[in-house]
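Step one of this worksheet: look at the structure below.
The values are calculated or read from the model by the stated rules, or taken from the named source; none is laboratory data. On a predicted model such as this, the values are computed, not experimentally measured, just so you know. With ideal geometry, Cβ positions are generated from the backbone for all residues, glycine too; neighbour counts draw on all protein chains shown. Just so you know, the surface numbers come from the protein's heavy atoms only, side chains and all, with ligands and any DNA or RNA stripped out. Shrake-Rupley method; radii C 1.70, N 1.55, O 1.52, S 1.80 Å.
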Amino acid sequence: MTATILSNAEAAPGHYLMALAVSRRFRDARPGQFVMLRPAGRGMPFLGRPLGIYSLADYGDGAKIEILYRAAGKGTKVISTLCEGECMEILGPLGNTFELSPGMDTAVLVAGGIGIAPLVFLAEELSCRSAGTRVVAYIGARDAATLLGVDRVKVCSAEVRISTDDGSAGHRGPVTELFGRDAGSFDPARTGVFVCGPAPMLKRMSEIAAAHSLSCQVLMEERMACGMGACLGCAIEVRTPAGVEYRQVCSDGPVFDLRQIVWR
Ligand SMILES: Cc1cc2nc3c(=O)[nH]c(=O)nc-3n(C[C@H](O)[C@H](O)[C@H](O)COP(=O)(O)OP(=O)(O)OC[C@H]3O[C@@H](n4cnc5c(N)ncnc54)[C@H](O)[C@@H]3O)c2cc1C
Ligand code: FES
């Protein structure tokens, strides 16, 4: 499938926001799902790159999605040079979605760096859900310049708490520290925690969630080749009643119960 770039601009140093016109099937996409993207008709990157859906809207007969991404390496740097009107090869929407349990009256979103991208889509879905779901977002970044998605989350009526590593905005220190201070104030029976960020942050989040018996869903950002369960390149270890087993992030995830992930 191909998608046409509607815009692709730097949103913060090294971070880009791309809007794509996509087919009608994307109208059913849900928070947590992702796409495999590569420039059409170019040799580089050879394999698509997995990127989460940041926002979704109807667009003519089809849909418009936005992707918020960090130019991390060769593939995303090439993607960041593409312009309006150019075409992308796109696979998707792929993967499972965040689950919203009916008894949940508080949703806590915890984002580290570019981990905010899929959580913005979730905040939008939560704001359309029945009135009465309180949304609290903890957003951490390296510095104020790379703090993204805050305005989008605020539009969804979320309470927003910010941290930066250098203290240039909000609390100085890791976002896990900020969340850890409040974790005991959330009722485990009625709270869902949704998290995305770098591995050390996720490991710390799993400790905090376990200490406070909070149910916590995580979007795992593993390296991928096929995105469809065929290459076994994105395996992670999870704890199950039968012992430690492998799961494919692309086809079994990318959303998992944080407490099941085995950290090495
Ligand atoms: C389901 C899913 C959703 C994602 N959503 C987003 C998103 O919305 N926005 C965004 O900016 N990124 C997202 N990522 C991460 C993104 O896929 C990687 O940053 C990208 O594939 C790097 O490709 P590259 O060619 O630019 O870098 P490479 O040259 O391949 O690698 C550059 C650096 O990035 C690291 N890296 C490579 N692949 C990944 C990966 N999959 N996850 C984390 N680090 C990686 C490498 O270790 C290396 O340090 C997502 C990943 C997954 C699996
Ligand atoms: S990326 Fe190929 S199996 Fe997941």
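Test GLU89 against the stated conditions and say whether it is within 16 Å of ligand 2 (Cβ to nearest atom) and outside any loop (DSSP other than H, G, I, E, B). Step through it out loud before you land on a result.
Values: within 16 Å of ligand 2 (Cβ to nearest atom): yes; outside any loop (DSSP other than H, G, I, E, B): yes.
Yes; evaluated as a whole, the condition is true for this residue.
None of LEU119, LEU126, LEU82 is part of a helix (DSSP H, G or I) and away from ligand 1 (no atom under 12 Å from the Cβ) except LEU126.
Within the stretch 99-121, the set of residues being under 12 Å from the mean Cα position of the chain (by Cα) and surrounded by fewer than 24 Cβ atoms within 10 Å (Cβ to Cβ) comprises GLY113 only. Being among the aromatic types (Phe, Trp, Tyr) and open to solvent by 10 Å² or more (accessible area, probe 1.4 Å) holds for only one residue in TYR59, TYR69, and it is TYR59. Scanning the stretch 15-56 for residues that are more than 22 Å from GLY233 (Cβ to Cβ) and within 12 Å of ligand 1 (Cβ to nearest atom) yields HIS15, TYR16, LEU17, MET18, PRO31, TYR54, SER55.
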